[in-house]
Amino acid sequence: MEMTMPELLLEFLKALPINIIIIIMSAALGLLFAVFLTVLRIKKIPVISQMADLYVSFARSVPGLILLFIAYFGIPKIFSLIGLSSVDVSPMHAAIISMGFYHSGYISEVFRPAYLSIDKSQHEAADSLGYTSTQKFFRIILPQVIPVALPGYGNGLVYLIHDTSLIFAIGVVDIMGTAELFISRSYGTNQIVIYFVIAIMFSAMCFTIDSLVRKFEKKISFR
């Protein structure tokens, strides 16, 4: 039976929490790993910094769908090699891990130039005042890095939302997974309506993130 647009929207809203959870967890994982990668790249540690650069290049050049498949099918293989064949990796866990590490490559490329944009005189001034490395970072460097990095970070979150449209490929019953079920049940008779409703939902999520980032930008610009 063909469903109306309000009925479809209601059904998709039931699946929306899956997307939101994956977006939040992937963003958190990606942020943490991006900070770690950025530190390694800035410190110029022999071999390790080059490996971090290689990872960032890999994450930015490989399609997200491929990384989804690598995580979903590869992680259980890795566990079995170390004698943990009983460990099960759910599609949702694989989606969070792959999206998080995929996201970290882009975000590291936002953080690194933002950090390097800080003039050396700022570091020298903090050192002359006797600040510790931690005090210098949180009192001098970070307040200047955030306004520079924030627009790029906001764009990265929007791209992450876009990429979650791929996770149904490994069996996650999110918005797109639900859509595919409806399309198969209706034999494709309401595809246009379904995809239009999904487009509205993804647009709403992206608009919300973009608005929040812009408000935060304005807030810190007045300080």
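The table below gives the values:
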quantity	calculated
Carbon + sulfur, % of accessible area of the range 146-220 - ligands and nucleic acids excluded, 1.4 Å	67
Order by protection proxy (mean Cβ within 10 Å, highest first), peptides 155-163, 204-212, 46-54	155-163, 204-212, 46-54
Label-to-label distance, nm, for residues given as residue 90 and residue 65 (7 Å Cα→Cβ offset)	2.5
Calculated FRET efficiency for the pair residue 121/residue 51, C-beta based, R₀ 41 Å, to 0.05	0.85
Gain upon complete extension [residue 78, residue 211; 0.36 nm per residue less C-alpha separation]	43.8 nm
Neighbour net charge for residue 158 - beta-carbon separation under 13 angstrom, K R +1, D E -1	-1
Of 120/218; 43/120; 136/215, those spanning more than 19 Å from alpha-carbon to alpha-carbon	120/218; 136/215
Fraction of accessible area attributable to carbon and sulfur, the range 1-61 (%, probe 1.4 Å)	77
Residues residue 16 and residue 191, FRET efficiency given R0 of 30 Å [Cβ-Cβ distance, rounded to 0.05]	0.90
For the chain: accessible area per residue (Å², 1.4 Å)	59
Positive-end residue of 183, 146, 166, charge dipole of the chain with Cβ unit charges	146
Of the DSSP H helices in the chain, those whose Cα atoms cover at least 24 Å axially and whose Kyte score averages 1.0 or more	5-43, 64-81, 191-221
Gyration tensor (Cα) of the chain, equivalent ellipsoid semi-axes in angstrom	38, 24, 12
Cα-Cα separations in the range 92-180 greater than 18 Å, expressed as whole percent	57
Nearest-0.05 FRET efficiency for residue 32 and residue 183, computed from C-beta distance (R0 45 Å)	0.75
Overall Cα dimensions of the range 1-123, principal axis frame, Å, largest first	67, 42, 21
Hull shadow area, averaged, the range 154-223 [alpha-carbon convex hull, nm²]	5.2
Additional length obtainable on full extension of the chain from residue 138 to residue 43, 0.36 nm per residue less Cα span	32.5 nm
By accessible area with a 1.4 Å probe, ligands and nucleic acids excluded, highest first: order of 166, 116	116, 166
Per-residue [θ]222 nm for the chain (sum of -39500 (n - 2.57) over DSSP H runs n ≥ 4, rounded to 500)	-26500 deg cm²/dmol
Heavy-atom accessible area ranking, 1.4 Å probe, most first, across 92, 99, 25	25, 92, 99
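The values are calculated or read from the model by the stated rules, or taken from the named source; none is laboratory data. Computed from a predicted model, the values in this text were never measured in an experiment. Neighbour counts are summed over all protein chains in view; Cβ atoms, including those assigned to glycine, are modelled from backbone coordinates with ideal geometry. The accessibility values were calculated without ligands, DNA or RNA, using every heavy atom of the protein model including side chains. Shrake-Rupley method; radii C 1.70, N 1.55, O 1.52, S 1.80 Å.
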